[in-house]
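Reading through the structure tokens given below for one structure.
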Amino acid sequence: MVVCETIADLRAARANLPAPVGFVPTMGYLHAGHMALVHRAKQENAATVVSIFVNPIQFDRAEDLARYPRDLPRDMRLLEEAGVDLVFIPSVEEMYPAGFRTVVHVREITEVLEGKHRPGHFDGVTTVVTKLLNIVQPDRAYFGQKDAQQAIVVKQLVADLNIPVEIREVATVREPDGLALSSRNVLLSPAGRAVAPTLYRALRAAQTAWQGGERDADRLRAIAREELAQEPRIEVEYVSLADLETLQELEGEVRRGLLSLAAWIDGVRLIDNVRLESIQDTT
Ligand code: PAF
């Protein structure tokens, strides 16, 4: 496994890789969700590149950046064992040298949901993803469905800016009790961890109601909220049922949509989502 810290070294090593190249951008502290992206990239490409970069400009709160978990030696071991070809671990100065002035902004779909509650977050994501795609120049890049809005925003960005890469989404990986894997789960207290599966339970309750014929958007959001209200430790930030393309809130009858939520548990912010769509819609 080749490890590069500079853009120049990465470009030189990238030039020797066989095509097609799959790319998995990460912020490290890897878990089985990241590794599912890596395994898909390996299955579908001749070479796999992974980046580990805790991108400071996508954090809307300084304390969130400061406490973001990191364990580079462990990440490196996992990537080596998985058979990754190339790892890019740039410094903040390498990615944002003095005089850096550009922001990549995707309009409208970044102004709702996560974008509404985390001002500036998506500008940070779209700027770093544009840079990483330009640097690595992969044929395919892999993003998790756990960050559903991020995947939708990245697809829009790549289409709008004609970046020659195919974006592939990979299903959310969950703990046996349903909690979506996230690097932030490690920050939960034991009591917080115990109630955290309620988030997925709430989404599933609404999804099950939808599958059973409930079609009213307000009612479906209310079903999720009622489940969340059972746990006083959970502070709900939003429960949304939005259009899968525009991310605008749905009203009235729901044929398909993205049901998502963000909630705080003991000072840790978690997000999760499920899609409401029939098998017919996904094919
Ligand atoms: O999903 C993440 O880990 C980050 O948002 C990403 C895509 C690596 C950009 O920093």
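The values are calculated or read from the model by the stated rules, or taken from the named source; none is laboratory data. All of these numbers come straight from a predicted model, not from anything done at the bench. Counting neighbours? That spans all protein chains shown, and the Cβs are built from the backbone with ideal geometry, glycine included. For accessibility, only protein heavy atoms count, side chains too; no ligands or nucleic acids. Shrake-Rupley method; radii C 1.70, N 1.55, O 1.52, S 1.80 Å.
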Q | Percent carbon-and-sulfur accessible area, segment 126-178, ignoring ligands, DNA and RNA, probe 1.4 Å | A | 44
Q. Mind listing the Cα extents of segment 227-279 along all three principal axes, in Å, largest one first?
A. 35, 22, 20
(Q) Just to be sure I understand the model, the point goes 7 Å from the Cα along the line to the Cβ. What's the resulting ARG174 to GLU249 distance in nm? (A) 2.6
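Given the chain, what percent of its DSSP beta bridges are antiparallel, to the nearest 5?
Details: 20 of 39 bridges.
Antiparallel: roughly 50 percent of the beta bridges in the chain.
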Q: Would you mind checking the tilt of helix 121-136 against the longest principal axis of the Cα atoms of the chain, expressed as 0 to 90 degrees and rounded to 10?
A: 30
Q | Distance cut-off 22 Å, percentage of C-alpha pairs in segment 187-283 lying past it | A | 28
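Quick check for you: with a 1.4 Å probe and neighbouring chains kept, what is the accessible area per residue of segment 102-207, in Å²?
On the way: 4340 Å² over 106 residues.
Heavy-atom SASA per residue in segment 102-207 reads 41 Å².
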Q | Label zone at ARG70, where the point sits 7 Å out along the Cα-to-Cβ direction: segment 7-30 residues whose backbone N lies under 13 Å | A | 27-29
Q. Each residue of segment 76-82 in order: what ³J(HN,Hα) in whole Hz does its phi give by Karplus 6.51 cos²θ - 1.76 cosθ + 1.60, θ = phi - 60°, with x for Gly and Pro?
A. 4, 4, 4, 5, 4, 4, 6
**Q.** Fraction of accessible area attributable to carbon and sulfur, segment 1-114 (%, probe 1.4 Å)
**A.** 52
Q) Which of the peptides 249-256, 132-139, 114-121 is most tightly packed, and how do the rest follow, judged by the mean count of other Cβ atoms within 10 Å per residue? A) 132-139, 114-121, 249-256
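Dipole of segment 121-181, Cα-centred, from +1 at each Lys and Arg C-beta and -1 at each Asp and Glu C-beta, to the nearest 20 debye?
Values: 6 positive and 8 negative charges, 19 e Å.
That gives segment 121-181 a dipole magnitude of about 100 debye.
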Q | Of all accessible heavy-atom area on segment 197-270, the percent that carbon and sulfur account for (1.4 Å) | A | 43
Q | Computed [θ] at 222 nm, deg cm²/dmol, the chain (DSSP H ≥ 4; -39,500 (n - 2.57); rounded to nearest 500) | A | -11000 deg cm²/dmol
Q. Which part of segment 1-26 falls in the paramagnetic zone of SER91, meaning amide N under 19 Å from the point 7 Å along Cα-to-beta-carbon?
A. 3-11
Q | Unit charges at the beta carbon, dipole of the chain: most positive-side option, THR208, GLN58, GLY252 | A | GLN58
Q | Net charge of neighbours whose Cβ lies under 11 Å from the Cβ of ALA19, counting Lys and Arg as +1 and Asp and Glu as -1 | A | +1
Q: Compute the long axis of helix 217-228 from its Cα atoms, compare it with the longest principal axis of the Cα atoms of the chain, and write down the angle in degrees, 0 to 90, nearest 10.
A: 80
Q) Taking only the alpha-carbon positions of segment 1-119 and ignoring solvent, what does the Debye formula give for the base-10 log of I(q)/I(0) at q = 0.09, 0.12, 0.23 Å⁻¹? A) -0.30, -0.53, -1.32
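What does the charge dipole of the chain about its Cα centre add up to, to the nearest 20 debye, if the Cβ of each Lys and Arg holds +1 and the Cβ of each Asp and Glu holds -1? Intermediate results must be reported in sequence, preceding the final value.
Numbers: 32 positive and 41 negative charges, 77 e Å.
So the magnitude is around 360 debye.
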Q.
Using the crude model of +1 on Lys and Arg Cβ and -1 on Asp and Glu Cβ, and no other charge, please compute the dipole size for segment 70-130 relative to its Cα centre, in debye to 20.
A. 260
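If the chain were replaced by its equivalent ellipsoid, with semi-axes equal to the square roots of 5 times the Cα gyration tensor eigenvalues, what would those be, largest first, whole Å? Before the final figure, lay out the partial values.
Values: eigenvalues 210, 85, 69 Å².
Semi-axes, largest first: 32, 21, 19 Å.
For segment 35-90, which trypsin sites (Lys or Arg not before Pro) pass both filters: DSSP loop (anything but H, G, I, E, B) and at most 14 other C-beta atoms within 10 Å? Mind dumping the intermediate values first?
Details: sites: ARG40, LYS42, ARG61, ARG67, ARG70, ARG74, ARG77; in loops: ARG61, ARG67, ARG70.
Passing sites in segment 35-90 are ARG61, ARG67, ARG70.
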**Q.** Computed over segment 80-197, the ratio Rg/Rh where both radii use C-alpha atoms and Rh is Kirkwood
**A.** 1.00
